[in-house]
Amino acid sequence: MSSSILMNSLNHSAYPGLTLTLADLEQASWQQLASVFDSTNQASVTGFKTMVLASRTNTGADARTVVLRKVDGDRKYVWFHTDVRAAKVMELEAFPDATLLFWDNTLRVQLRLTVETHLHSTDYIADEHWKELAVSSRKMYLSEYEPGSHQPNSYPGFPTHLGAELPTKEESESGRKNFAVIECRVLAMDYLQLSRDGQVRAMFQYEPDCKMAWLAP
């Protein structure tokens with residue numbers, strides 16, 4: 001089932017749980033995640049472009065919004081980028097288990113991914129992601145200061161002399177040392193769709209055993 005068929009099913013007035021199978025729902029959910037990167041699809045669902053990363057710390061829990069950068073639905077991996085100096089890098093190194101929370105306000109769909117994270121900062125994986133990164137995004141890795149560090153005044157996150165201008169491709173290369181990729185191996189996915197006609201919830205477990213089941217919302 002394609003993500004467009006899923007959208008039609010979810011937007012139909014009848015209870016969508018009557019027309020969906022678990023296998024179709026699981027496949028369409030991964031296709032919906034991947035559709036974020038399909039620039040040729042005008043109907044592409046963009047609600048999953050950003051996600052909330054929830055992680056553990058030495059003192060409790062933390063959460064922040066990050067941008068989805070890559071999806072592999074076959075292998076069950078997703079990736080996002082970060083400044084290697086950010087606090088979340090140390091948190092994930094100490095506690096690699098995390099949760100990724102997606103919400104699509106149009107479809108009223110929530111995806112909750114249980115993941116195991118792995119840092120890439122000096123290897124070929126980070127190099128490949130960096131090569132594909134636009135200069136406008138590279139600009140954010142030119143900061144002279146660690147994310148979260150105290151500053152005497154408001155700081156834009158890049159050298160102030162740049163202002164609204166973009167660095168050249170050559171200038172942007174100095175941000176490579178601050179760039180990192182967080183690879184997330186998806187262990188399980190929890191799907192929830194909200195509707196006045198009836199909620200739909202299901203779980204898809206990938207490790208240690210593969211299984212799927214309908215859940216009470």
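Bear in mind that the values in this text are calculations on the coordinates, not laboratory data. Just so it is clear, the structure is predicted and the values come from calculations on it, not from any experiment. Methodologically, a virtual Cβ is constructed for each residue, glycine included, from the backbone with ideal geometry; neighbour enumeration extends over all protein chains shown.
One Cα centroid belongs to region 151-182, the other to region 186-205; the line between them spans 39 Å. Between A34, A98, A23, which gets the highest mean-square fluctuation from a Gaussian network model of the chain, Cα cutoff 10 Å? In this elastic network of the chain, the residue with the biggest mean-square fluctuation among A34, A98, A23 is A23.
Its DSSP H runs of at least 4 residues, each contributing -39,500 (n - 2.57), put the calculated 222 nm mean residue ellipticity of the chain at -5500 deg cm²/dmol, to the nearest 500. Shown for the chain are the DSSP H helices of 15 Å or more along their axis, judged by Cα atoms, with a mean Kyte-Doolittle hydropathy of at least -0.5: 22-34. Rounded to whole numbers, the Karplus 3J(HN,Hα) couplings from phi for region 95-103 are 10, x, 7, 8, 10, 10, 10, 10, 9 Hz, using 6.51 cos²θ - 1.76 cosθ + 1.60 with θ = phi - 60°, and x at Gly and Pro. For region 165-208, the Cβ-based charge dipole about the Cα centre amounts to some 200 debye (Lys, Arg positive; Asp, Glu negative; other atoms uncharged).
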